[in-house]
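What follows is a single structure, written as structure tokens, with notes after it.
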């Protein structure tokens, strides 16, 4: 059985899944950048006490699952989300949804995801894909980061739905429960709500580790990494930062380019010219993240590595922090028509 | 738009957002970027080093083969605990060679399943994949 579903490749898995699942009811209007922006996806956090893969825990996007939830909430669309104890129940529920004609989003771990290249398989449990049918023992999979649709055997799918470790998906399935049509009015309202939420998330979140303050904090920490960790380990830490920022799923520049694209699309709906100017600030921020990544690469490739080089690296982040603060303040101060 | 060939690029190109000549955002496909390819290489070089070090510790009798397979499967004690159902303190004990050698077949089987290897290979630290 194969549901009427069109695979669309996107940059980021969760906003791609969200966009694809809302495609029909929005008549193609909820693009990936709109899903990302309405879901207030842009973020920064560095949690110094946690280690991931022996390196720093850094994220450029909001907590997994929130983009789908917030986008649907902002559009006034009810969401169904289920977790399972038993693998059998999880598969039965999936089959039932397919029988009823619903393509569904699944949270999965990538360590055993057979179609991913081995080099990309870490114990990362917050990947998202869509199941849109089953033929014999093969589930039809639309993985938004892949160019083409693919398949997983029922065993392979079960294994990734029940991967273990941090953020274990526990068979999680989700989909929007909505058969109507999303109007432009709904989209306009949702865009404003998404921007407001993202402003709060970056400017008002308490503590030193998150939001624009978190970027500055990380920049200051990086300057100390060389002495504290030694050159080799500090290089590995920077490599991890770059991977979180640029790896598949980010759209480049730590999601800043997707956000800039979102503001341009928001302008089409809301006709506030400030949005275009602020979009440029996010492009600049993305470019600066990339400049910082080139500097980091110089260090982990062993081409450079003096304290001066670490200072410059840290200063890039402090500069980005100032720039993003300016951009989010400008968003905050928009007087909506 | 960088087009440096990555291990992912051989399988799929990835979508990136970039501005066109008029400043409007469009999506483009990229097969990779040297800066992030080398970041991934650095991570794997570190994993290889950790594997080699773990193997030597096992050969020296300082740790049980579990340590090697944890590095091989990129697992820390917490992930291994989730996969096997053992408590973390139990795994810490099983990491001692003298405790490991007396483990029951049932317990060894749990570890073998978590690492996706055979029990015999687990004992002898043998891997069949590249």
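Here, each number is a calculation from the coordinates, and none is a lab measurement. Owing to the predicted nature of the structure, the values given are computational and were not obtained by experimental measurement. Counting neighbours? That spans all protein chains shown, and the Cβs are built from the backbone with ideal geometry, glycine included.
Quick one, what does Rg over Rh come out to for region A:1-108 if you take C-alpha atoms and the Kirkwood Rh?
1.02
By how many degrees, between 0 and 90 and to the nearest 10, does the Cα long axis of helix A:231-246 differ from the longest principal axis of chain A?
40
Connecting C-alpha atoms closer than 10 Å in a GNM of chain B, tell me which of B:53, B:13, B:101 has the biggest fluctuation.
Sorting by GNM fluctuation, first place goes to B:13.
So how do A:41-50, A:208-217 stack up, highest first, on mean other-Cβ count within 10 Å?
A:208-217, A:41-50
Would you tell me the mean number of C-beta atoms belonging to other protein chains that fall within 10 Å of each C-beta in A:298-305, as a whole number? Could the numbers behind the result be given before it?
Numbers: counts 2, 1, 7, 6, 1, 0, 0, 0.
Other-chain Cβ atoms within 10 Å of each residue's Cβ, averaged: 2.
How shielded is B:39-49 by partner chains, expressed as the average number of their Cβ atoms within 10 Å of its Cβ atoms? Intermediate results must be reported in sequence, preceding the final value.
Working: counts 17, 7, 4, 13, 10, 2, 3, 9, 3, 0, 1.
Taking all residues of B:39-49 together, the mean is 6.
When the Cα centres of region A:95-141 and region B:112-126 are compared, how far apart do they sit, in Å?
Result: 27 Å between the Cα centres.
Express in whole angstrom the spacing between the alpha-carbon centres of region B:32-72 and region A:171-245.
29
Specify the angular offset, from 0 to 90 degrees and rounded to the nearest 10, of the alpha carbon long axis of helix A:87-99 from the longest principal axis of the alpha carbons in chain A.
Approximately 70 degrees, to the nearest 10.
Once you put a point 7 Å from the Cα of residue B:26 and another 7 Å from the Cα of residue A:25, both along the Cβ direction, what distance in nm separates them?
Going from the residue B:26 label point to the residue A:25 one covers 3.3 nm.
Calculate how steeply helix A:256-270 sits against the longest principal axis of the alpha-carbon atoms of chain A, using the helix alpha-carbon long axis, and give the answer as 0 to 90 degrees to the nearest 10.
It is inclined by approximately 60 degrees.
Neighbouring Cβ atoms within 10 Å as the yardstick, rank A:308, B:71, A:246, A:220 fewest first.
Ascending Cβ contact count within 10 Å gives the list A:308, A:220, B:71, A:246.
Give me the Kirkwood hydrodynamic radius of chain A in Å, from all C-alpha pairs, to one decimal place?
20.7
Taking a quarter of the surface of the convex hull around the Cα atoms of region A:185-332, what do you get in nm²?
8.8
Under a 10 Å cutoff between Cα atoms, tell me which one of A:268, A:160, A:145 has the largest fluctuation in the Gaussian network model of chain A.
Looking only at A:268, A:160, A:145, the largest GNM fluctuation is found for A:268.
How big is the antiparallel share of DSSP beta bridges in the protein assembly as shown, given as a percent to the nearest 5?
Working: 34 of 35 bridges.
Of those bridges, close to 95 percent are antiparallel.
How long, wide and thick is region B:39-124, going by the Cα atoms along their three principal axes, in whole angstroms, largest first?
Cα extents, longest axis first: 40, 28, 24 Å.
Within 10 Å of each Cβ of A:237-248, how many other protein chain Cβ atoms are there on average?
Across A:237-248, the average partner-chain Cβ count within 10 Å equals 5.
Which ordering of A:231, B:95 is given by a fewest-first count of other beta-carbon atoms within 10 Å?
A:231, B:95
Just to be sure I understand: with springs between alpha-carbon atoms less than 10 Å apart, which residue in A:302, A:286, A:16 has the highest mean-square fluctuation in the Gaussian network model of chain A?
Ranking A:302, A:286, A:16 by mean-square fluctuation puts A:302 first.
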